[in-house]
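J.: One structure is given below, represented as structure tokens, and several questions about it will come after.
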């Protein structure tokens, strides 16, 4: 029986001290409980001696890597040797019947190792498991079987494959039984549904409360002391939303996006406020420039902002029709048109010919003439097709008789028929309906009690100091924050 193992390739583990030996069995002595290996390898390195003998007391584990022959004759059921040197299973009497190795109809026999690398690859990766005579041998195979072929095993070409004589590269790499396990996809949604997030947070909350730690809270719970990323500010005192009070109320109140209350003022108080600011140095030219900048910035946003005014979109420059009258509101519109023209907006300025004009209008027209904007004095010269935006500066706060003039009625008819959205700058308070119905209206400093036809109301900062408000009896705190133009909502 001991002679049946001669020529077998085995791996012997002698523990941490002695290491692992691999080689071909050259002798087995049952009386002295020793086994000898020829051409041995120690920890993957070829030994300098031709043969090594091991005692059963030194062997921790013995693995059979290869059995000589081509499947003729039986072999005993001997897979490992214990610490005491005896086999874990008793020997089986060899049988004369051949035993098949079930490896998809193919058995490969390794006749010998040619290099230490082949021994190191074989150890721990491939060994022969002998279960019973009925089940036969089962070989665990992987990439070693393709990399350690013997001299007589040539790799056939792809054109020479016949009826499963050669396995595919995938089978050689991944082994038997792997294809069936990859057919079913992993159910991510079903696995995620098993996770109860609320229950986990509840357990964390209970654990932190027991340990006296600061509670993070559950997803459905929010305490007053917990803030979002945009409100993580320690408040020293409660917020006062009514920060602006006026001695004479205009009749309407508005609020900003942050909730601050902005009351309206009558036109007489607004006129007095502008007069006091002008006495302290806020001249008409400064107010015109501030109003023009704020109005142009709002108009650029209404035209599309960075989505419309880009270097790649120069062939689709927006067109704005600017309707102005012979008054301060008209001068504000011309200032706005100059800034829009500087931002590559196509401006068509309508201003009738008058014998006498204000000095502020003359100065603004001189600056506007240095831009690429176009000035017309007749409604017939305005475009027939709809423009992108109409800026209305036809009305005046004090002179209501302009509405009876022919040029005014013609400009109003053109604006109402053009079907373009209208932005009114500093519209007046009128008991009658506005001639041009606007979609947006821009007020200066403080809002006036405008009619419903003024559309959505916006407020711009023209640079009036706080002490100027206080001099006219207005308790004022700026509602603008980081902006110069803010929207106002009716309360």
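The values are calculated or read from the model by the stated rules, or taken from the named source; none is laboratory data. Model, not experiment: these values are computed from the prediction. Note: ideal-geometry Cβ built from the backbone for every residue, glycine included; neighbour counts use all protein chains shown.
J.: Just name the residue that is farthest from the chain's Cα centre (by Cα) out of those in the stretch 338-357 that are part of a loop (DSSP other than H, G, I, E, B) and touching a residue at least 24 places away in the same chain (Cβ under 8 Å). Spell out how you get there, then give the answer.
T.: Restricting attention to the stretch 338-357, the residues satisfying the condition of being part of a loop (DSSP other than H, G, I, E, B) are 343-345, 351-357.
From what's left, touching a residue at least 24 places away in the same chain (Cβ under 8 Å): 343-345, 351-354, 357.
On the way: 343: 33, 344: 34, 345: 35, 351: 51, 352: 54, 353: 57, 354: 59, 357: 57 Å.
Checked the stretch 338-357; the qualifying residue farthest from the chain's Cα centre (by Cα) is 354.
J.: Counting only residues that are more than 16 Å from residue 436 (Cα to Cα) and touching a residue at least 60 places away in the same chain (Cβ under 8 Å), which one in the stretch 361-387 is farthest from the chain's Cα centre (by Cα)?
T.: Selected residue: 363.
J.: Moving on to the next point. I need the strands (runs of 3 or more DSSP E) fully contained in the stretch 1-57, keeping only those with at least 2 residues that are closer than 16 Å to residue 68 by Cβ and in contact (Cβ under 8 Å) with a residue 12 or more places away in the chain. First the steps, then the outcome.
T.: On the way: elements: 9-13, 20-29, 34-42, 51-55.
Of the strands (runs of 3 or more DSSP E) lying wholly inside the stretch 1-57, those with at least 2 residues that are closer than 16 Å to residue 68 by Cβ and in contact (Cβ under 8 Å) with a residue 12 or more places away in the chain span 9-13, 20-29, 34-42.
J.: So is residue 306 out of contact with any strand residue (DSSP E or B) (no Cβ under 6 Å at 6 or more places or on another chain) and either outside any helix (DSSP H, G or I) or closer than 20 Å to residue 422 by Cα (or both) or not?
T.: no
J.: Would you be able to tell me the number of residues in the stretch 358-382 that are under 26 Å from residue 413 (Cβ atoms) and either part of a helix (DSSP H, G or I) or in contact with a helix residue (DSSP H, G or I) (Cβ under 8 Å, 6 or more places away or on another chain) (or both)?
T.: The qualifying residues number 11.
J.: For residue 468, which of the numbered conditions (1) farther than 26 Å from residue 302 by Cα; (2) assigned to a strand (DSSP E or B) fails to hold?
T.: It fails just one condition, (2).
J.: Please enumerate the residues belonging to the stretch 388-420 that are closer than 21 Å to residue 298 by Cα and surrounded by fewer than 17 Cβ atoms within 10 Å (Cβ to Cβ).
T.: Of everything in the stretch 388-420, just one residue is closer than 21 Å to residue 298 by Cα and surrounded by fewer than 17 Cβ atoms within 10 Å (Cβ to Cβ), namely 419.
J.: Taking interchain pairs and intrachain pairs at least six residues apart, which have beta carbon atoms under 6 angstrom, with the first residue in the stretch 409-420 and in the same structural domain as residue 383 (by TED's automatic domain parsing) and more than 13 Å from residue 391 (Cα to Cα) and the second modelled with pLDDT of 90 or more and outside any loop (DSSP other than H, G, I, E, B)?
T.: Qualifying pairs under 6 Å: 410/379.
J.: Does residue 435 meet the test of being at pLDDT 90 or above and in the same structural domain as residue 296 (by TED's automatic domain parsing)? Can you show your working first?
T.: Details: at pLDDT 90 or above: no; in the same structural domain as residue 296 (by TED's automatic domain parsing): yes.
Against the criterion (at pLDDT 90 or above and in the same structural domain as residue 296 (by TED's automatic domain parsing)), residue 435 does not qualify.
J.: Separate question: Filter the stretch 58-69 down to the residues that are closer than 15 Å to residue 15 by Cα and not in a strand (DSSP E or B), then identify the one that is nearest to the chain's Cα centre (by Cα).
T.: 60
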